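A short worksheet on the structure shown next.
The values are calculated or read from the model by the stated rules, or taken from the named source; none is laboratory data. Computed from a prediction, not measured in an experiment: that's the story for all the values here. Glycine also receives a Cβ, built like all others from the backbone with ideal geometry; neighbour counts cover every protein chain displayed.
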């Protein structure tokens, strides 16, 4: 089974009239560019069929406005049935300090979603207020036994839309306090996995996973083999960031760079199936 653990879809109404949603500054920041890529569930399913992808996780957008979180979560609930379970949603919570986070997480759980995320602080970065907000999300997710996907950027290198400063020291101090839920650090965790060469970090991160989203834009293909050597293949998740990058580009890279069949199978689907409860 091949499972893409990091993709993005939007309801057609948002795609065709996206300018109506630009009053949400996070959405405007990422999607006001006319060349930004947006697809709905039908295009996602067509692409999955063409490339032999069994299931995908659709990430919720990190809206600030509650009404847009509601709108997207309702759409995601509908597509679970429309896709016959092949599109597996993670739910959105409004990323502002006034939000009643636990109510949102409980509602997402009750809707049958598989997790929370993608949590991303595009316009404010990992500042003190957002560190507090992240802790609230993780506390609630732990209470309701929900995995969380967190957008993490590498702290060095070139700038691109959506890149914000990630204080890896602060991030480590937060996520180590929530060992009972899977926490998925998107985009290789901004390179945080390199520090798992330190025994204390490795010991604290037994339930931390890293997805490969946007990898071709950031790293050489050597990263797959290096990551397997550092943390093993059991905590790496194939994630494409589709429609940003095509599925096949990752699958080809993983097939060439990861020599052992068991390791490839872990990365391409087995690990995600475990987190999503599809291996039962």
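Structure values in brief
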item	result
Candidate set from segment 33-63 (those that are modelled with pLDDT of 95 or more and loosely packed, with under 12 Cβ neighbours inside 10 Å); member that is farthest from residue 269 (Cα to Cα)	46
Options 173, 145: the member that is without any contact (Cβ under 8 Å) to a residue 60 or more places away in the chain and either surrounded by 22 or more Cβ atoms within 10 Å (Cβ to Cβ) or within 28 Å of residue 111 (Cβ to Cβ) (or both)	145
Residue count, segment 148-179 (criterion: at pLDDT 95 or above, over 14 Å from residue 135 (Cβ atoms) and in contact with a helix residue (DSSP H, G or I) (Cβ under 6 Å, 6 or more places away or on another chain))	1
Unique residue being in a loop (DSSP other than H, G, I, E, B), closer than 17 Å to residue 247 by Cβ and under 16 Å from the mean Cα position of the chain (by Cα) when the list is 9, 53	9
Restricting segment 92-132 to residues that are out of contact with any helix residue (DSSP H, G or I) (no Cβ under 9 Å at 6 or more places or on another chain) and part of a loop (DSSP other than H, G, I, E, B), the residue that is surrounded by the fewest Cβ atoms within 10 Å (Cβ to Cβ)	98
Qualifying residue in segment 53-76 (condition: free of Cβ contacts under 8 Å to residues at least 12 places away in the same chain and closer than 20 Å to residue 1 by Cα)	no
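Quick grid of which residues meet (1) surrounded by fewer than 21 Cβ atoms within 10 Å (Cβ to Cβ); (2) touching a residue at least 24 places away in the same chain (Cβ under 8 Å); (3) more than 19 Å from the chain's Cα centre (by Cα); (4) outside any helix (DSSP H, G or I):
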position	(1), (2), (3), (4)
157	yes, yes, yes, yes
164	yes, yes, no, yes
169	yes, no, yes, no
206	yes, yes, no, yes
